[in-house]
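Q: Dropping the structure in here first, questions after.
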Amino acid sequence: MRWIVHSEKPLYNDPWLDIRLADVELPDGRHLDHRLIRTPPGAGAVMTDQHKRVLLLWRHRFITGTWGWEIPVGRAEPGESLAEAAAREAEEETGWRPGPLRPLLTVEPTPGISTSVHHIYRTDTATRIGAPEDDFESSRIDWVPLATIPELISAGEISSATTLAALLYTIVQDGPGSC
């Protein structure tokens, strides 16, 4: 069933968010007002090492009041390629420079309300360049064994949709026995 958008009315706009009210026609002809959020694309990186570990940030998310492990992800700046944005965000948030990045997957974490799209890259190497520039991003940065990812998910310590998708896909992509 396809919904038809007849119009969108801006409700709020800034560089991070464009919130709109859409007049949507349902397949049966009824109309409803539906809010939607448009955002710039995001990019992030899954950085693994030769010891089958992944670099993660332990973060508090004040909106949900929760703590959890996440990969570094952030907004792509105007004129910046998605791979450049992923590398920049990784460096700023972790203090580690990713090696050569290759596309891993694209995630739409909230397609029912938002155009948010996260382009995730993968690297098997990273070099420590110093303290994170954005030291307010996390309480801790650690190399976490990939083998512990399912346990961390079960314990609720990984709940970010983008991080979940990226780490589970990394494990699947690496094949049986990879972690």
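Q: Any residue in region 117-130 that's over 17 Å from L168 (Cβ atoms): show its pairings with residues that are among the basic types (K, R) and surrounded by 12 or more Cβ atoms within 10 Å (Cβ to Cβ) at Cβ separation under 7 Å, as long as the two are six or more apart or on different chains.
A: Correct list of pairs: A126/R97; T127/R97; I129/R97.
Q: Further question: Exactly one condition in (1) crowded, with 20+ Cβ neighbours inside 10 Å; (2) over 25 Å from I158 (Cα atoms) is false for D18; which is it?
A: Only one criterion in (1) crowded, with 20+ Cβ neighbours inside 10 Å; (2) over 25 Å from I158 (Cα atoms) is unmet by D18, namely (1).
Q: For region 116-140, which residues satisfy the criterion of being within 23 Å of F62 (Cβ to Cβ) and within 16 Å of the chain's Cα centre (by Cα)?
A: The answer is S116, H118, E137, S138.
Q: Has region 99-111 got any residue that is touching a residue at least 24 places away in the same chain (Cβ under 8 Å), among the hydroxyl-bearing types (S, T, Y) and in contact with a helix residue (DSSP H, G or I) (Cβ under 8 Å, 6 or more places away or on another chain)?
A: So far as region 99-111 goes, yes, one or more of its residues are touching a residue at least 24 places away in the same chain (Cβ under 8 Å), among the hydroxyl-bearing types (S, T, Y) and in contact with a helix residue (DSSP H, G or I) (Cβ under 8 Å, 6 or more places away or on another chain).
Q: Please count how many residues of region 62-77 are out of contact with any helix residue (DSSP H, G or I) (no Cβ under 9 Å at 6 or more places or on another chain), in contact (Cβ under 8 Å) with a residue 12 or more places away in the chain and not polar (S, T, N, Q).
A: Residues flagged as out of contact with any helix residue (DSSP H, G or I) (no Cβ under 9 Å at 6 or more places or on another chain), in contact (Cβ under 8 Å) with a residue 12 or more places away in the chain and not polar (S, T, N, Q) within region 62-77 amount to 1.
Q: Residue by residue through region 1-21, note down the ones that are over 18 Å from P41 (Cβ atoms) and in a strand (DSSP E or B).
A: Of everything in region 1-21, those that are over 18 Å from P41 (Cβ atoms) and in a strand (DSSP E or B) turn out to be I4, V5, H6, S7, E8, K9, P10, L11, Y12, L21.
Q: If you scan region 138-178, which residues turn out to be surrounded by fewer than 18 Cβ atoms within 10 Å (Cβ to Cβ), assigned to a loop (DSSP other than H, G, I, E, B) and not aliphatic (A, V, I, L, M)?
A: S139, G156, E157, S159, G175, P176, G177, S178
Q: Shifting gears a bit: When you check G44 against the structure, is it of a type outside the set (A, V, I, L, M, F, W, C) and either in contact (Cβ under 8 Å) with a residue 60 or more places away in the chain or within 17 Å of F136 (Cβ to Cβ) (or both), yes or no?
A: yes
Q: Which numbered condition trips up E89, out of (1) of a type in the set (D, E); (2) at pLDDT below 95; (3) surrounded by 15 or more Cβ atoms within 10 Å (Cβ to Cβ)?
A: (2)
Q: Just to be sure, is R102 surrounded by fewer than 21 Cβ atoms within 10 Å (Cβ to Cβ), of a type in the set (K, R) and closer than 19 Å to K52 by Cβ?
A: Spelling it out, R102 is indeed surrounded by fewer than 21 Cβ atoms within 10 Å (Cβ to Cβ), of a type in the set (K, R) and closer than 19 Å to K52 by Cβ.
Q: Could you check region 131-157 and list, in sequence order, the residues that are of a type in the set (A, V, I, L, M, F, W, C) and in contact (Cβ under 8 Å) with a residue 40 or more places away in the chain?
A: Answer for region 131-157, where residues must be of a type in the set (A, V, I, L, M, F, W, C) and in contact (Cβ under 8 Å) with a residue 40 or more places away in the chain: I141, W143, V144, L146, A147, I149, L152.
Q: Go through (1) in contact (Cβ under 8 Å) with a residue 12 or more places away in the chain; (2) within 22 Å of L164 (Cα to Cα); (3) under 17 Å from the mean Cα position of the chain (by Cα) for L17 and report which single condition fails.
A: (2)
Q: Here's something else I'd like to know. Anything in region 22-33 that is in a strand (DSSP E or B) and exposed (fewer than 10 other Cβ atoms within 10 Å of the Cβ)? List them, or say none.
A: Result: D33, single match.
Q: Any idea which of T106, T110 is hydroxyl-bearing (S, T, Y), under 14 Å from the mean Cα position of the chain (by Cα) and part of a strand (DSSP E or B)?
A: One residue alone meets the criteria, T106.
The values are calculated or read from the model by the stated rules, or taken from the named source; none is laboratory data. Predicted model only: the values in this text are computed from it and were never measured. Cβ: placed from backbone, ideal geometry, glycine included. Neighbour counts: every protein chain shown.
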